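The values are calculated or read from the model by the stated rules, or taken from the named source; none is laboratory data. The shown structure was predicted, so the numbers you read here are calculated from the model rather than taken from an experiment. Positions of Cβ are generated from backbone atoms using ideal geometry, with glycine treated the same way; all protein chains shown enter the neighbour counts. Keep in mind that these areas ignore ligands, DNA and RNA; they rest on the heavy atoms of the full protein, side chains included. Shrake-Rupley method; radii C 1.70, N 1.55, O 1.52, S 1.80 Å.
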Amino acid sequence: MNPPLSRLPLLLGLFYLSYFALVGVYIIFLPKMLVASGYSAAEIGAVFAASPTMRFALPFLFRRLGSVSRRIYLGALLGTFASALLFFATLENFIAFFVANLLYGAAMGVILPYVDTLALQTIRKERYGRVRLWGSLGFMGIALWLGHVLQTPLQSLLYLAGLAGLTLLTGWMLAPYDHAEEEVSERGEGFSLLRHWAFWLSAFLLQLSFGGFYNFFTIYETAHGISLEMTSWLWSFGVLCEIAMLYWQGPLLRRDLLGLLEFAVATTVLRWGILWLWPDSLPAAFIAQSLHAVNFALYYSAAIAYIFELYRQKKLAQQFFLGITFGLGGSLGALLAGWIYEWAPQELFLVEAFVAFASWLAIRLHRYRKAHNG
């Protein structure tokens, strides 16, 4: 007996809420805990390189296996919870903790593309944003809550384990809704990175350009006289704009998806240019942050919807999107931003603007090739 579809949007919302709250604990509060536990900067960098590295490597493995099955998805849910528990036991040993983070990154890298594909298969793409915005609320909510109540570093591991358990529960409840055991759909073409290499290059370069923002925005703004408290409001404002776009973007997703991607990438060039031109201007910073609604929320929704329509192997394609963008692009973007900020901090967002411009040229080239080659 199939579960009623009327419950699916609620279950998806609860999953995204728990999943991205878990992401928030991991990336915001775990580094502070590692510092308090005596980890060096190099060791912390290695730990946080583990997850994106696994996200990039996994799709190539699944391409050889031929599918991302329900069994693998359920195993990933269990792996996420198990790795969160392993953090308690391995914290005092760097190598063991690093291995636990490899497991965590591998498991988390399977879960999100699977659920995104399930969501697009079962609800209209126009409704996707209103379900996905619960993830943004979870991320922002856990950041504000733990920033207020966190007393000891070890508490972050307790929240991590609890949210991993909630992700396991909500993710498991979604599994019966996936009736497509076969990876290949009748719609779309066979998966190939080379045939649409310009699209994948654009996606990689765009995420590469976010390296300076994700890793150095707070440092950059406070170095130019904006207070830490106000910088935290800038972060929150960006998330609020993201949530607003996710809620109201439905009608936009009925239009030309490639056109939306071009527009989103173009506004990313503008965003980094604003931060470079007016680094000490608070109004300029808020204007730049308002573009997060387009650069992240609209781009992400349009990209996964476009990939969903483009390929028959839908789950595999979503795995590659996560791996190439947040995996390879995220890790190399952090390394590039660190190198730039060390040698030419004032030019960080100028370089990021050029990288985003290269991404825009690549997506334009993809549109041209698709129009002429089919």
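How do the pairs read when you match residues in the range 296-317 that are more than 29 Å from residue 237 (Cα to Cα) and of a type in the set (Gly, Ala, Ser) with residues anywhere that are open to solvent by less than 10 Å² (accessible area, probe 1.4 Å) and part of a helix (DSSP H, G or I), using Cβ under 8 Å and keeping only pairs 6 or more apart or on different chains?
Going by the 8 Å Cβ cut-off, the qualifying pairs are 317/307.
Here's the yes/no breakdown for (1) farther than 30 Å from residue 123 by Cα; (2) hydroxyl-bearing (Ser, Thr, Tyr):
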| residue | (1), (2) |
| --- | --- |
| 277 | yes, no |
| 286 | yes, no |
| 293 | no, no |
| 331 | yes, yes |
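Name every residue in the range 218-233 that is under 21 Å from residue 295 (Cα atoms) and modelled with pLDDT of 90 or more, in order of residue number.
220, 221
Just for the range 1-53: of the residues that are among the hydroxyl-bearing types (Ser, Thr, Tyr) and touching a residue at least 60 places away in the same chain (Cβ under 8 Å), which one is most open to solvent (accessible area, probe 1.4 Å)?
Looking at the filtered set, the residue picked out is 53.
Inside the range 141-169, can you point out the residues that are open to solvent by 30 Å² or more (accessible area, probe 1.4 Å), at pLDDT 90 or above and of a type in the set (A, V, I, L, M, F, W, C)?
Those that are open to solvent by 30 Å² or more (accessible area, probe 1.4 Å), at pLDDT 90 or above and of a type in the set (A, V, I, L, M, F, W, C): 158, 166, 168, 169.
Regarding residue 217, is this residue outside any loop (DSSP other than H, G, I, E, B) and open to solvent by less than 70 Å² (accessible area, probe 1.4 Å)?
yes
Cβ contacts < 8 Å: first residue closer than 13 Å to residue 30 by Cβ, restricted to the range 89-100; second residue outside any helix (DSSP H, G or I) and among the hydroxyl-bearing types (Ser, Thr, Tyr), any location; separation 6+ or different chain. Result?
Listed by first residue and then by second, the contacts come to 91/37.
Can you find a residue that is modelled with pLDDT of 90 or more and farther than 20 Å from residue 204 by Cβ anywhere in the range 293-304?
yes
For a quick check of your reading: which helices (runs of 4 or more DSSP H) sit entirely within the range 76-178 and have at least 2 residues that are under 30 Å from residue 39 (Cα atoms) and aromatic (Phe, Trp, Tyr)?
Ranges flagged: 94-122, 125-149.
So, residue 242, is that one among the acidic types (Asp, Glu) and within 21 Å of the chain's Cα centre (by Cα) or not?
For residue 242, the condition - among the acidic types (Asp, Glu) and within 21 Å of the chain's Cα centre (by Cα) - is met.
In the range 362-374, what residues are surrounded by fewer than 20 Cβ atoms within 10 Å (Cβ to Cβ) and assigned to a helix (DSSP H, G or I)?
364, 365, 367, 368, 369, 370, 371, 372, 373
Since residue 342 meets every condition but one in (1) modelled with pLDDT of 90 or more; (2) open to solvent by 50 Å² or more (accessible area, probe 1.4 Å), which condition does it not meet?
In the conditions (1) modelled with pLDDT of 90 or more; (2) open to solvent by 50 Å² or more (accessible area, probe 1.4 Å), residue 342 misses (1) alone.
Just give me the residues in the range 90-122 being of a type in the set (A, V, I, L, M) and touching a Phe, Trp or Tyr at 6+ places or on another chain (Cβ under 9 Å), in sequence order.
Of everything in the range 90-122, those that are of a type in the set (A, V, I, L, M) and touching a Phe, Trp or Tyr at 6+ places or on another chain (Cβ under 9 Å) turn out to be 91, 100, 107, 108, 110, 111, 112, 115, 118, 119, 120.
In the range 249-269, what residues are free of Cβ contacts under 8 Å to residues at least 40 places away in the same chain and among the hydrophobic types (A, V, I, L, M, F, W, C)?
If the condition is that a residue be free of Cβ contacts under 8 Å to residues at least 40 places away in the same chain and among the hydrophobic types (A, V, I, L, M, F, W, C), then 263, 264 are the ones that fit.
Determine, yes or no, whether residue 222 is open to solvent by less than 30 Å² (accessible area, probe 1.4 Å), polar (S, T, N, Q) and touching a Leu at 6+ places or on another chain (Cβ under 6 Å).
No, not satisfied.
Which members of the range 259-283 meet the condition of being over 21 Å from residue 368 (Cα atoms), of a type in the set (A, V, I, L, M) and open to solvent by less than 10 Å² (accessible area, probe 1.4 Å)?
The answer is 275, and nothing else.
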